[in-house]
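First up is the structure itself, then whatever we jot down about it.
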Amino acid sequence: YFMYVLTPVSLIKLEEIENDHTIQPKKINNFAKVFSRGDIAISQVNNVGIGISMSSSRIGKYESINGENMEGWYSGDGMVYIYLNVNDYASNYWQNVNFYRLQGTTVTNAKRVEKGFSGENSLAKYDFVGGVYSNLNMVAAMTFGSESPKIGFYSTLVGNKSYFVFEGKLICLGSNINSEDD
């Protein structure tokens with residue numbers, strides 16, 4: 001990626017930094033942060049990581065490029081990632097997961113169709129998404145709707161989700177969840 005966007009001088013400097021073994025990566029542990037422009041909240045306390053993936057009219061429910069992640073329908077509907085090890089989701093998780101039952105999501109039993117899309121087609125319907133953080137604590141919230149007309153999925157499922165992380169302990173709360181679907 002850098003080869004296409006950096007100048008030759010910047011590339012040389014980047015290579016020098018990459019090859020300088022006296023530069024050690026900074027170990028970051030014990031923090032919480034909400035990325036409001038990305039609709040993501042993360043925390044790491046005592047080597048346990050928590051990630052919350054949300055979506056809005058700014059950030060898509062999921063992205064599928066080059067035929068990958070064709071069943072990511074619900075990953076932006078409040079999916080919660082818990083990392084006890086850096087490779088927890090790297091090996092066999094995605095090959096074996098039930099995409100209709102991702103942890104932290106609230107869904108209907110309606111059948112979804114594998115479909116790849118990105119950009120505006122993946123945006124969610126609601127704007128209420130965000131949170132606050134300080135030191136080891138954070139609160140994140142979102143209004144979600146399961147309907148995705150641009151990919152041919154219609155649903156009346158709507159609700160609110162709140163996530164509280166206090167010193168690495170997670171509490172998830174759903175409220176005002178309604179659906180006229182099966």
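The table below gives the values:
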| item | result |
| --- | --- |
| Under 5 Å, built H, 5+ apart or other chain: amide partners of residue 130 | 141 |
| Accessible area expressed per residue, the range 1-107, with surrounding protein chains retained (probe 1.4 Å, Å²) | 67 Å² |
| Segment residue 5-residue 90, extension gain: residue separation times 0.36 nm, minus the distance between their alpha carbons | 27.8 nm |
| Share of carbon and sulfur in the accessible heavy-atom surface of the chain [1.4 Å probe, %] | 54 percent |
| Burial ranking of peptide ranges 103-114, 4-15, 36-47 (average Cβ count within 10 Å, highest at the top) | 36-47, 103-114, 4-15 |
| Using distinct alpha-carbon pairs, which all enter the 1/r mean, Kirkwood radius of the range 57-132 in Å | 13.8 Å |
| [x] 51; [y] 45; [z] 41, with the label sought being that of the calculated percent of Cα pairs over 23 Å apart | [x] |
| Among the listed pairs 125/169; 27/61; 26/161; 61/169; 33/61; 111/169, those beyond 22 Å (Cα-Cα) | 125/169; 27/61; 26/161; 61/169; 111/169 |
| The range 49-69 residues near the modelled residue 33 label - backbone nitrogen below 17 Å, point 7 Å along Cα→Cβ | 49-54 |
| The chain, relative contact order in percent, only Cα pairs under 8 angstrom and at least six apart counted | 20 percent |
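The values are calculated or read from the model by the stated rules, or taken from the named source; none is laboratory data. None of these values were measured; they are calculated from a predicted model. So basically every Cβ, Gly included, is an ideal-geometry build from the backbone, and we count neighbours across all protein chains shown. Please note that ligands, DNA and RNA were not included when accessible areas were found on the heavy atoms of the full protein model with its side chains. Shrake-Rupley method; radii C 1.70, N 1.55, O 1.52, S 1.80 Å.
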